[in-house]
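Report on the following structure.
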Amino acid sequence: MDYLKSYENFLLKNASQITSIESSLRSLTYFLPGRFHDAELASQALYAAINLIGLYHNSILRRAAQAYAKEEGQTGDGFLLEESNFNKYIHFWSNKSKLNATASTALSVLSYTQVLLEMAVMKKFGKKKQWELIATLEMIKVVLRLTLYQTTGQRMTLQPTHSEREIDPTSLQQQQEQSSQQQQQYQKSHYVGQRTGICIPSLSDTIELNQNHFMSSGRKHHPSTHSTAAYTDVTDYLLSKVLTPEKLRKPDQMVQIQKNLSKWAEVLYIFRPLIYVLCILRYGKRSWKPWFISFIAEIASQIALKKGYDHANQRMMPLERHEYMRRGQQLLLLNVMRGAFYMKWTRPRLERLCNRLESKPLLSIASNVLRDYLPLWEQIYFYTSAS
């Protein structure tokens, strides 16, 4: 525990540098495949480690921000509490239900390690065991998502399942430094009685404050200047505190309870990746049937979800609308990058594009990176999975 505490203190003192290192290493993982033997496995191991450590860093930064806000008495409008509605929603259900928190964490860990696990099993045991692992992981994720769905009162499941990093480590570090400096200045400029414990500002500071208020280099300050500055500060402060419907909405009201058709649409969306994998095991990877069945299931879930909200006379909340749009974009992107569609239509066109770009001075670098990923998108299921 002492080692963890020491590491947390080290992280908070060097938070901005560590965040930059995380970002740089994460970018590096995209260029490693194809560079050396087993580079793909090394890349995914590094990617998984960085993201898992990033989750741990998020919890440390959030706890530090909470502690700082508590010390400063920021009970209603400190910088920590200006987090997004998404984070408020995730933290609300995680705090309310331990089962929800466990399922959310497990899904996050799986999302960061699934490609690594698939690669390792494929290299060690072959393709048969690879697809057994894929089916097992998809079943586990279906159970975990159904758990989230039930523990949130049958509300739309949002992605990602963990909170996002919104606390800027640099600003947290600066505010902690400013707080310590202000505390030191306060201690220097005040006298605390030994018997009574009463804190009294020193006489010299009081005189200096009055002199600075009325004079600067022997000249009087213009009251209008102070008034304008004060007016600007007050205006900015009041504008930042304007209450909007989004700020007044409680976390459990940010996503609505689903009813009738939208409920079945959400369940279909949760089962959709497992349906695709079972179809591949039944018909084979090169068959068009798994791709068409999965594509139809995705479109049906999207249409039914929208119809369900319309029939219930419910307008989608911002978080629901964002998730609905994300699913639509994912529907278009992932379905051209997997299965028979990718092998028979997308990959040949990407190969021709790489051939045209390989003679270009700068574009050849991008084409080489793209070419290294072409076989991976075909062989590794979780690179382009919709789960």
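Bear in mind these aren't lab numbers, they're just calculated from the coordinates by the rules spelled out. Nothing here was measured: the structure is a model prediction, and the numbers come from that model. Cβ placement follows ideal geometry from the backbone for every residue including glycine, while neighbour counts extend to all protein chains displayed.
At most 16 other Cβ atoms within 10 Å and a DSSP loop assignment: could you name the trypsin sites (Lys or Arg not before Pro) in the stretch 105-166 that fit? Don't skip to the end; give the middle numbers.
Details: sites: Lys123, Lys124, Lys127, Lys128, Lys129, Lys141, Arg145, Arg155, Arg165; in loops: Arg165.
Within the stretch 105-166, the qualifying trypsin sites (Lys or Arg not before Pro) (loop, at most 16 other Cβ atoms within 10 Å) are Arg165.
What are the GluC sites (Glu not before Pro) within the stretch 318-387 that DSSP puts in a loop, where the Cβ has at most 15 other Cβ atoms within 10 Å? Spell out each step's value before the answer.
Working: sites: Glu320, Glu323, Glu351, Glu358, Glu378; in loops: Glu358.
Answer in residue order: Glu358.
On full extension, the segment bounded by Ser24 and Lys306 gains 97.6 nm, given 0.36 nm per residue less the C-alpha separation.
Per 0.36 nm of contour for each residue apart, how much would the distance between Ala39 and Leu362 grow if the chain were fully extended, relative to their Cα-Cα spacing?
Values: separation 323, 0.36 × 323 = 116.28 nm, distance 2.31 nm.
Answer, rounded to one decimal: 114.0 nm.
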